[in-house]
Amino acid sequence: MSDPGFGIYVHWPFCAAKCPYCDFNSHVRHQPVDQERYAAAFDREMATMRERTGARTVTSIFLGGGTPSLMKPETVGAVLESVARHWTVPAGIEVTLEANPSSVEAERFRGYRDAGVNRVSLGVQALNDADLRFLGRLHNVEQALGAIRLARETFPRLSFDLIYARPNQSLEAWEAELNAAIDHAADHLSLYQLTLEEGTRFFQLHAAGKFVMPEPDHAADLYQLTQEVTAARGLPAYEISNHARPGAESQHNLVYWRYGEYAGIGPGAHGRFIENDRRTVTFTERLPERWLDLVELKGHGVIGGEVLTRSEEADEYLLMGLRLTEGIDLVRYETLAGRSLSSRRISVLQEEGVVAPVGNSRLRATPAGMIVLDAVVADLAR
């Protein structure tokens, strides 16, 4: 079995505005953030995590948020230097920074590149001004396309996100928008269906009848169209919501989906790594100021976690791995679970057309199975 990797995730929790669909740990602050103080706290928490993970070779770094492109290039540089000080970071590994088109500047992009960022993920979300306003975005289509052009000129690799299954979105409109996106894409797209998350503004507005979500059958048709168009244009899905030219898959996200290990640094960050021969989960304080105080007081902001049982590890591997078109390694599942998957259940699901073997050693969800993946996983895990 190949090593699924060890990633470092650093969470920058601040945004210029809170999007109505977003349930991520993001916060709006109307006073300037003390970036030097946060960079020092990231470094302290990394030192604590290094004690827990031991010496490791990093396979990818991801600066997420929030809006990491609100960081100064000097702050990004300090964060990346901290990672390299605490773990081994080979030259040329994937270093991704999330950015919003509204906070993109040429000088800042060059600064990120000089600091060591080699991949940018842009939160475009729509190529339609009316829908961008509906989604609460601070940019318009012209700004989004300008940011894409600038990113392509500055960084070796680029991805951007779009949200579909928006209210009143027709198949024809989404096909045209998706083709336009592919025309501008470099080698990777993340295409997510709009979902209503409890606690968000959209959840409240929908409950109050302010807008209507697409019917499930229409959402499924939009998903199927997405798969067909991206495959035909050379960016097939390698995961339910992620599409890439062969070889351009996100290495950091593959760490998650292949059930690798990662250290989570910053407010609200989660980690999963092997400690004392067991997979350990960590999560940190979500409120940035409280996290900062905790780190300065005791060297980390971790407020909870658990040690997973073998059965829980196996269930997580199943849940994550079947999101990938490559599927799961059956021997690895058996090693984690201490038992093999039921051949009877696999046969039934195969007859239903929702799973398929890959040679003699792997199992994957079919395109039909991806649409009902939660049910497939639940059936296999019994």
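The values are calculated or read from the model by the stated rules, or taken from the named source; none is laboratory data. Just so it is clear, the structure is predicted and the values come from calculations on it, not from any experiment. Cβ atoms come from the backbone with ideal geometry, glycine included; neighbour counts cover every protein chain shown. With ligands, DNA and RNA removed, areas are computed over all heavy atoms of the protein, side chains included. Shrake-Rupley method; radii C 1.70, N 1.55, O 1.52, S 1.80 Å.
Does at least one position in the range 331-348 carry a residue that is within 21 Å of the chain's Cα centre (by Cα) and touching a residue at least 40 places away in the same chain (Cβ under 8 Å)? Among the residues of the range 331-348, not one is within 21 Å of the chain's Cα centre (by Cα) and touching a residue at least 40 places away in the same chain (Cβ under 8 Å), which makes the answer no. Of the residues making up the range 1-59, those that are open to solvent by 40 Å² or more (accessible area, probe 1.4 Å) and among the aromatic types (Phe, Trp, Tyr) number 1.
Scanning the range 136-176 for residues that are at pLDDT 95 or above, charged (D, E, K, R) and closer than 26 Å to Thr200 by Cα turns up Asp161, Arg166. The single condition among (1) in a loop (DSSP other than H, G, I, E, B); (2) open to solvent by 30 Å² or more (accessible area, probe 1.4 Å) that Arg85 does not meet is (1).
Scoring Val302 on the criteria (1) within 20 Å of the chain's Cα centre (by Cα); (2) surrounded by 20 or more Cβ atoms within 10 Å (Cβ to Cβ); (3) closer than 28 Å to Gln35 by Cα leaves a single failure, condition (1). One residue is enough: does the range 89-110 have a residue meeting the conditions open to solvent by 30 Å² or more (accessible area, probe 1.4 Å), part of a helix (DSSP H, G or I), closer than 25 Å to Val255 by Cα and not hydrophobic (A, V, I, L, M, F, W, C)? For the range 89-110, residues open to solvent by 30 Å² or more (accessible area, probe 1.4 Å), part of a helix (DSSP H, G or I), closer than 25 Å to Val255 by Cα and not hydrophobic (A, V, I, L, M, F, W, C): absent. For beta carbons closer than 7 Å, sequence separation of 6+ or different chains, a first residue in the range 177-200 that is of a type in the set (D, E, K, R) and a second that is crowded, with 18+ Cβ neighbours inside 10 Å and assigned to a strand (DSSP E or B), the qualifying pairs are Asp187/Arg157; Asp187/Ala244. Selection of helices (runs of 4 or more DSSP H) fully inside the range 196-262 by the criterion of at least 3 residues being within 20 Å of Leu322 (Cβ to Cβ), of a type in the set (D, E, K, R) and open to solvent by 30 Å² or more (accessible area, probe 1.4 Å) returns nothing.
Could you tell me whether the range 277-292 includes any residue that is closer than 30 Å to Arg29 by Cα, of a type in the set (Phe, Trp, Tyr) and open to solvent by less than 40 Å² (accessible area, probe 1.4 Å)?
yes
Does the range 52-60 contain any residue that is on the phi > 0 side of the Ramachandran plot and assigned to a loop (DSSP other than H, G, I, E, B)? Yes, the range 52-60 contains at least one residue that is on the phi > 0 side of the Ramachandran plot and assigned to a loop (DSSP other than H, G, I, E, B). Of everything in the range 357-382 that is among the small types (Gly, Ala, Ser) and either in contact with a Lys or Arg (Cβ under 6 Å, 6 or more places away or on another chain) or under 17 Å from Ser340 (Cβ atoms) (or both), the residue that is modelled with the highest pLDDT is Ser361.
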